[in-house]
1. Just name one of 70, 42, 225: the one whose Cα is farthest towards the positive end of the charge dipole of the chain (beta-carbon charges, Lys/Arg +1, Asp/Glu -1).
2. If each of residue 37 and residue 150 carries a label point 7 Å out from its Cα toward its Cβ, how far apart are those two points in nm?
3. Of the candidates 26, 130, 208, which one comes out as most mobile in a Gaussian network treatment of the chain with C-alpha springs shorter than 10 Å?
4. Got a sec to turn the phi values of region 224-232 into Karplus ³J(HN,Hα) couplings, 6.51 cos²θ - 1.76 cosθ + 1.60 with θ = phi - 60°, whole Hz, x for Gly and Pro?
5. About its Cα centre, what dipole magnitude does region 117-269 give when the only charges are +1 on Lys and Arg Cβ and -1 on Asp and Glu Cβ, stated in debye to the nearest 20?
6. What is the fewest-to-most order of 153, 135 by other Cβ atoms lying within 10 Å of their Cβ?
7. DSSP beta bridges in the chain, what fraction antiparallel, as a percent rounded to 5?
8. Please arrange 175, 223 by how many other C-beta atoms lie within 10 Å of their C-beta, fewest to most.
Amino acid sequence: MKFEETVKFIKEKVNNIPKIAIVLGSGLGSLADEIENKITISYKDIPNFPVSTVAGHKGELIFGTLENIPIIAMNGRFHYYEGYDLKDVTYPIRIFKLLGVETIILTNAAGGINLNFEKGDLMIIEDQLSFFAESVLRGPNMDEFGERFIDMSDVYTKEYIELLKPIMKKITGKCLTGVYAYMKGPTYETPAEIRALRTLGADAVGMSTVPEAVVARHSGLKCIGITCITNMAAGIMNEKLSHEDVKDTASKVESNFKKVIKELIKKIK
Ligand code: HPA
């Protein structure tokens, strides 16, 4: 019922629903300005949609074209640390599925754990770790989306990872892949947590993306994840972490990040 009402509302406003949705993380917000033939809908106007609480965070769905390819951009996402239930954090992903989207591109900012990484790098997410968080699929299974027990060996679609590699190399001069570890936030991690995560096999750490990727997997959406390493994680450099620095690095990388996304959607359309 709830989902249906949201889907109906959107379909009344948008005639042709794109096959690709992009969740714009920190460092990609300005991609929204480059979308053409836009239909913009504020989250607050969409029935049953969660509303962004963070000052300065945008909250809108943009339907339009990028490089002449139809896309939906989610400008502003929901984080668990803001107080949302995980069901709300991932509500838009389920709506994308019901609208007929096939591929979801998740982008984010994260701290680098892999010592070969540098601030400003872009990393293709190959796999994820989320030991310390409750599963977004906890509770009665939503059979209309997927099965109770789901295979997680291919959360990030391998075919698209391979597609991305040469694009990354061409645009950034590097091709970094790795494991994204999810922490609930809102604190950055302690140096001990970072050492532990490195031992567990993580290359980067952040506070988003994993709940969305799990729901994408559950509902059979193809999924791509790209991380902007905005800082080296706690304890690696002799400096304190700050949201200002994270935003500053994200904005410096924005131009390459946008190029990567544009090339990618041309290949997956
Ligand atoms: N840790 C968690 N989330 C982050 C970080 C970090 O170091 N940088 C950007 N988002």
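1. 70
2. 3.0 nm
3. Looking only at 26, 130, 208, the biggest GNM fluctuation is shown by 130.
4. Going residue by residue, I get 10, x, 10, 10, 9, 7, 7, 6, 7 Hz, with x marking Gly and Pro.
5. 640 debye
6. Neighbour counts put them in this order, fewest first: 153, 135.
7. 40 percent
8. 175, 223
A short reminder: the numbers here are calculations on the coordinates, not readings from a lab. Please read these numbers as outputs of a predicted model, since none were measured by experiment. Cβ: placed from backbone, ideal geometry, glycine included. Neighbour counts: every protein chain shown.
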